[in-house]
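A short write-up of the structure that comes next.
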Amino acid sequence: MQDHTPARRDEEPSQDGADRQRSVSIFDVAKAAGVSHQTVSRVINRRPRVAKATRERVLEVIDELGYKPNRLARALAGGVVRSVTVLTSDTTLYGAALALRGIEEAARTAGFAVSVSVLDEASPLTPDDIAGRLARPGEPVLVIAFNAAGEGAWQALPADFPAAAVVERPREDGRTGRPEAWLDDRAAAAQATRYLLGLGHRTVHYMTIPSTTTRVGQRAEGWRDALTGAGRSVPGALEGGWSPRSGYLAARSVVADPQVTAVLCGNDDLALGVLRAAREAGRDVPGDLSVMGFDDAPYAAYTHPTLTTVRLDFEGLGRGAFGMLHRLLDPDNTPPPPLWAEPDLIVRESTGPAPHRPA
C-alpha cells in the first residue's frame, strides 16, 4: 500500500528551496534585517550585546530566507574554522608574490586557511563575479591591488564587505576609509632621484611601470617631485612595462644619447633591460650611465654591475594587510596590525658620479 501522507517540508525540501539555502549568506541576512554581519553572527551564536527587538528581527529574517548557519558564520564569530580569499592578477610579479607570501604566513599563524583567485586583466569584475570566486559564500577577502585588475576588484567590493587591500599609495583626496596597506613609493622615488642628482647628474630619466589607474603612478610622481623641487628639467617618461624585455626595448634609443646620464626604473626587471641596452650602445655603467632599479629583487645583488635599487618590504605589507582584515573581523580579540619597514635606498655598483663634460 502506498503511503499518501504529505512529506514534511523540512524532510524533503524542494530543489528551489535547496538552491536558495545554498545561496543565502550571512550578509544577505544582515542586509535584509538592516544590521551588520557581526550582529547576525552574535545572534546566531547567542552572544550578548544584542537588543531583544534586533535579535527577534534577525531570527525572523533567518527563517524567512531559509538561512542555515555554516562554517563562515562560525568563522566570523571567532570559531576555529576560518578562511580568506586573496584576489590578485599576477602571482609571478615580484611585489605581488611577496605580498601574497606575507598574507599567507600571517593568516596561517592566526589559524586561517588561504585560497587564491587570479584575476583576468581584460575582464572587469562585478560584485557577483567576485562572489563566484570565493571558496565559501561571504568569505572575507584580501585584494592585492598593484595594477588595474586588482584595483578594479577592490573598487567592486561593497564598502561593508569584510575586506582589506594592499594598494598603491592613495592620494590624500582618494582615501576610502577602508582597510588599506601601502608603501610610500612616491617618497621613495623622490629620495632615489635626489640621490642621483646628488651625484652630479643634471637630470634623471624615468622608465614607468603600469599604474593601477590611468593616472601617473606614485613612483613617477615622486621622480617628478624631486626634479621639480631641484629646479631641473623633467624629461618625458619612458613607457616601460613589467619585464626586462620591455625595459630593453624602451631604453635602446635613449641610452645611445650621451646626454642621458641617469635612468631610474620603476622596477628591477626594467633595470635589467636598461643594462643590456646600455651595453649594446657601448655605454659604461656607471662610468657613462647610472642605472637604478626599484624593489630590490634577489638577483639585484648579483647583476653585473650590481644594481642600486630601493628595497620595499612587500612581505611585511602583506602581513600588515592581513592584520587589518583580522582586526576588522574580530576587533575585540585581535592585536593591532604589525608594521612594515619603510622603503630603503640600497646603493650598489650601477650608479656613480655623472661623467665629466668639458665646459
- Using θ = phi - 60° and the Karplus relation 6.51 cos²θ - 1.76 cosθ + 1.60, list the HN-Hα couplings for the stretch 264-278 in order, rounded to whole Hz, with x at every Gly or Pro. 9, 10, x, 7, 6, 4, 4, 4, 4, x, 5, 4, 5, 5, 5
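Compute the relative contact order of the stretch 210-285 as a whole-number percentage, counting only Cα pairs closer than 8 Å that sit 6 or more residues apart in sequence. Intermediate results must be reported in sequence, preceding the final value.
Values: 75 pairs, mean separation 21.9, N = 76.
In percent, rounded to a whole number, it is 29.
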- Task: Mind grabbing the accessible area of GLU104 for me, 1.4 Å probe, Å², rounded to tens?
- Result: 70
- Task: Search the structure for amide H atoms under 5 Å from the amide H of TYR206, placed 1.01 Å from N in the peptide plane, and list their residues when 5 or more places away or on another chain.
- Result: LEU238, LEU264
- Task: Could you work out, for the stretch 256-298, what percent of all Cα-Cα pairs fall into each 10 Å distance bin, beginning at 0 Å and stopping at the bin that holds the largest distance?
- Result: 31, 56, 13, 0
- Accessible area in the full protein assembly, largest first, 1.4 Å probe, for THR39, THR109: THR109, THR39
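How many Å² of accessible area per residue for the stretch 99-247, probe 1.4 Å?
Working: 6520 Å² over 149 residues.
Heavy-atom accessible area per residue stands at 44 Å².
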- Note on the structure: Counting only protein heavy atoms with a 1.4 Å probe and every protein chain in place, the carbon and sulfur fraction of the accessible surface of the stretch 113-201 in whole percent equals 51
- In whole Hz, what ³J(HN,Hα) sequence does the stretch 243-255 give by Karplus (6.51, -1.76, 1.60; θ = phi - 60°), x for Gly and Pro? 9, x, 4, 5, x, 4, 5, 6, 8, 3, 6, 7, 5
- Message: With equal scatterers on the alpha carbons only and no solvent term, can you work out the Debye log10 of I(q)/I(0) for the stretch 201-300 at 0.16 1/Å?
- Response: -0.62
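Would you rank GLU221, GLU105 by solvent-accessible area, highest first, keeping every protein chain in place and using a 1.4 Å probe? Write out the running numbers ahead of the final one.
Working: GLU221 20, GLU105 60 Å².
The residues order as GLU105, GLU221, largest area first.
What do you reckon, how do ARG245, ARG232 stack up by accessible area (1.4 Å probe), largest on top? Before the final figure, lay out each step's value.
Details: ARG245 160, ARG232 90 Å².
The most accessible residue leads, giving ARG245, ARG232.
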- Item | With all protein chains modelled, accessible area of TYR94 [1.4 Å, Å²] | 70
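The values are calculated or read from the model by the stated rules, or taken from the named source; none is laboratory data. Bear in mind the structure is a predicted one, so any value in this text is a computation, not a measurement. The protein model used for the area step is the full one, side chains on, heavy atoms only, and it has no ligands, DNA or RNA in it. Shrake-Rupley method; radii C 1.70, N 1.55, O 1.52, S 1.80 Å.
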